[in-house]
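To start, the structure itself, in structure tokens.
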Amino acid sequence: MSQPQIPAVSEFAISDPALLGPPRSSSDRFMRRLLRLPADGPRASADQARKAFQTSIAVATVRCLLMYIVFPFVLPAIGIAKGVGPYIGVVIGILAMVSIIYSIRRFWRADHSKRWHYTIFGTTIICFLIVLAVEDLASIIS
């Protein structure tokens with residue numbers, strides 16, 4: 001009696017559309033390449049994408065609170081940390097940008113329905129953070 005043939009994984013991927021994932025547009029494929037996401041990589045869940053989004057927003061919020069409230073008003077009022085704002089701003093800005101990129105990647109890995117919305121939102125924030133980093137670096141250099 002012969003044993004049943006078990007198809008190879010590649011045969012499943014070709015014959016089972018559920019394993020292929022949703023069909024992707026050329027712009028989706030471009031973004032996935034830009035974000036260096038493998039086509040056959042593990043998918044993230046919507047919950048993981050949401051958590052990454054919350055973390056990136058929290059880091060950006062902390063940066064804004066420090067740079068626009070704590071460093072210019074609170075610390076000088078109590079006589080400490082004068083002039084450290086730009087140094088810390090660069091570090092926190094870089095952390096915020098990395099966190100936003102990480103969360104954008106998570107949205108794309110999850111094939112989240114709002115991935116394009118968040119990509120535009122995150123990219124806009126990154127642009128603002130780059131401008132602020134250039135201002136901070138100019139302040140440090142001068």
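The values are calculated or read from the model by the stated rules, or taken from the named source; none is laboratory data. In this text, all values refer to a predicted model and were calculated from it rather than measured experimentally. All Cβ positions, glycine included, derive from the backbone under ideal geometry; neighbour counts span all protein chains shown.
Overview of results
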item	result
Residue selected from segment 65-78 under the condition surrounded by 14 or more Cβ atoms within 10 Å (Cβ to Cβ) and without any contact (Cβ under 8 Å) to a residue 40 or more places away in the chain, by the criterion farthest from I92 (Cα to Cα)	P76
Residue selected from segment 89-135 under the condition touching a Leu at 6+ places or on another chain (Cβ under 7 Å) and without any contact (Cβ under 8 Å) to a residue 60 or more places away in the chain, by the criterion nearest to S27 (Cα to Cα)	M97
Among the candidates G41, G79, residue that is on the phi > 0 side of the Ramachandran plot and at pLDDT below 80	G79
